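Taking it in order: structure first as C-alpha cells, then the write-up.
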Amino acid sequence: MFLGPGPARPAPMKDMTMTNWSPRTKAVHAGTRRSQYGEVAEAIYLTQGFVYDTAEAAEARFIETGADEYIYARYGNPTVRMFEDRIAALEGTEDAFATASGMAAVNGALCGLLKAGDHVVSARALFGSCLYILEELLPRYGVKVTFVDGTDLDAWRDAVREDTKAVFLETVANPTLEVVDLKAVAEIAHAQDAVVIVDNVFATPVFGHAVRDGADVVVYSATKHIDGQGRCLGGVICGTTEFVRKVAEPYLKHTGGALSPFNAWVMLKGLETVHLRCGAQAETALKLATALEGHPKLAHVAYPHLPSHPQYDAAKRQMDQGGTVIALDIKGGKAEAFRFLNALQIVTISNNLGDSKSLVTHPATTTHQRLTPEQRYQLGISDGLVRLSVGLEDCEDVLADVKAALDVI
Ligand SMILES: *Cc1c(COP(=O)(O)O)cnc(C)c1O
C-alpha cells in the first residue's frame, strides 16, 4: 500500500526567489526536496523503481511524467534530481542531467545531438577520453570532425562552416592549461548556428562562467572538484530544458548513463563546500606557481593566472581564480620528472585531480601515453611535463615538499 507523499512540506526550492541567491547560497540550498519527515540533510532515495497507486496512475505517468514524478532510476531519481537542480542553479542553466561519470556526460551531450553527416569543430588539446570520442568514435558513425588549435581564433573561423552542428572545447586544456577564449569562439560558432559544448572541468563551476561567456551546453566531470574528495564518479550536462530533456536525456536514459542516487548524494554534499575548497586550493595553486616560476630546475611553470601565461588576458576575463592545477616542465625530461615524482612526500602520485589531497601525474607516460610522441609534441606535452593538482594541505608544507623534491634532481 502506497502511503502517499504525506502532508505538504516545503516545495522544491526552485522558484523565482532563488535567482536572487548568490552562488554560495545556491550551492548549499538549491534543489532541496524534503520528504514527509522534513529531514535537514538531503535524503538518499536508494531505489531503482517507484510504485503507483493504481494501474491508471502508472499509465498516466508513462504518458506524461510530471515535474517531481519518477518511473525508474535510469530515467531519474529524487536524489539525482536534487543534484541536477542544484548544479543547474549554480551554473545558470534551465536544467541539467546527471550522469554516471564525466565521460558519460561528454558522450551523452555529443551523441545525443549528432548524427551521421554532421560536422563538428573541436579544440585539439583535450582530455584523453574526450579525444577518443571525437577522433575515433564519432567518425566511426559518420560524424566529420575538424580539429583546431583552440587558442587560434583564425583557425576556428576557417573551420566553422555553414553545416557545422557543434563546437567542442575544454575552456582550460588538460594538462597544458592552455586557455580558449570562449566568448570569441562562441561568437564564431553562433554566427553559423552551431551548438557550443564546453567541458568546464578545469575552470570548475566556481571560477568559470561558461554560460555568461556563450556556452550553450556545459559539461562537468563531477568526479573532480564537485566530489572534491576522491570518492565517487559522476558527471553532469547543463543546458536549456530543450537540450537537456529532448536531446541528452533520451540518449542517456536509454543507453544507461544514469548517476547512482548514492553518488548523487555525495555530489550534493560536495557542492555545499565547493566554493570554500576550490577557493582555498586555487589560492595555494597561485602561490605555488608564483614561488616556483624561474626555479633553476624548471623549464616552465604554467598556471592560467600567472602573467606569463600566453592566454593570461582571456584567463583573467573568464575565470575568477586560476583553477587548482599547475603544470611544471622539469628540465631533463622523463628521468628527472620521475626522480621528482618519486621524491615527493606529501604530494601523491595519481592521475586524478580536484581532490583535497595534492596529486601529481606525468602525462606523457600515463594519461597521454596512447598518443604518439609527435601528437604529444603538438599538444605541448613534453617528457618533462608534470601536472600538479593542488589540494587543501597547508600551502607552505606543499611548497616545501615540491622544493625538496626539485632539490633531489
Ligand atoms: C576527468 C575528466 C573527464 C572525465 O571524467 P570522468 O568522471 O573520469 O569520466 C572529462 N574531461 C576532463 C577535462 C576531465 O578532467
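So how many residues does region 110-129 have that are under 13 Å from ASN174 (Cβ atoms) and assigned to a loop (DSSP other than H, G, I, E, B)?
Count: 4.
Keeping to region 289-328, report how many residues are touching a Gly at 6+ places or on another chain (Cβ under 6 Å) and either without any contact (Cβ under 8 Å) to a residue 24 or more places away in the chain or closer than 12 Å to LEU406 by Cβ (or both).
Of the residues in that region, 1 qualify.
Being in contact (Cβ under 8 Å) with a residue 40 or more places away in the chain and surrounded by 14 or more Cβ atoms within 10 Å (Cβ to Cβ) is the filter here, so list the residues in region 353-370 that pass it.
Once the filter is applied, which keeps residues that are in contact (Cβ under 8 Å) with a residue 40 or more places away in the chain and surrounded by 14 or more Cβ atoms within 10 Å (Cβ to Cβ), region 353-370 yields LEU353, GLY354, ASP355, SER356, LYS357, SER358, THR361, PRO363, THR367, HIS368.
Residue-wise test of (1) in a helix (DSSP H, G or I); (2) more than 28 Å from HIS300 (Cβ to Cβ); (3) of a type in the set (Gly, Ala, Ser); (4) in contact with a Lys or Arg (Cβ under 7 Å, 6 or more places away or on another chain).
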site: GLU135; (1), (2), (3), (4): yes, no, no, no
site: THR146; (1), (2), (3), (4): no, yes, no, no
site: TRP156; (1), (2), (3), (4): yes, no, no, no
site: GLU162; (1), (2), (3), (4): no, yes, no, no
site: LEU169; (1), (2), (3), (4): no, no, no, no
site: VAL185; (1), (2), (3), (4): yes, no, no, no
site: ILE188; (1), (2), (3), (4): yes, yes, no, yes
site: ILE197; (1), (2), (3), (4): no, yes, no, no
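Identify all residues within region 199-258 that are in a strand (DSSP E or B) and either within 16 Å of the ligand (Cβ to nearest atom) or more than 29 Å from LEU177 (Cβ to Cβ) (or both); write none if there are none. Reasoning before the result, please.
Within region 199-258, the subset in a strand (DSSP E or B) is 199, 208, 217-221, 235-239, 258.
Correct list: ASP199, GLY208, VAL217, VAL218, VAL219, TYR220, SER221, GLY235, VAL236, ILE237, CYS238, ALA258.
Look at region 80-109 and say how many of its residues are in a helix (DSSP H, G or I) and either modelled with pLDDT under 95 or away from the ligand (no atom under 12 Å from the Cβ) (or both).
12
Residue by residue through region 313-350, note down the ones that are within 21 Å of the chain's Cα centre (by Cα) and either farther than 18 Å from THR204 by Cβ or assigned to a strand (DSSP E or B) (or both).
Residues satisfying the conditions are MET319, VAL325, ILE326, ALA327, SER350.
Those residues that are free of Cβ contacts under 8 Å to residues at least 12 places away in the same chain, away from the ligand (no atom under 16 Å from the Cβ) and among the acidic types (Asp, Glu), I need them from region 117-165; list them, please.
Those that are free of Cβ contacts under 8 Å to residues at least 12 places away in the same chain, away from the ligand (no atom under 16 Å from the Cβ) and among the acidic types (Asp, Glu): ASP152, ASP154, ASP158.
The values are calculated or read from the model by the stated rules, or taken from the named source; none is laboratory data. Treat the numbers as computed from the prediction; the structure is a model and nothing was measured. Every residue, glycine among them, receives a Cβ derived from its backbone with ideal geometry; neighbour counts consider all protein chains shown.
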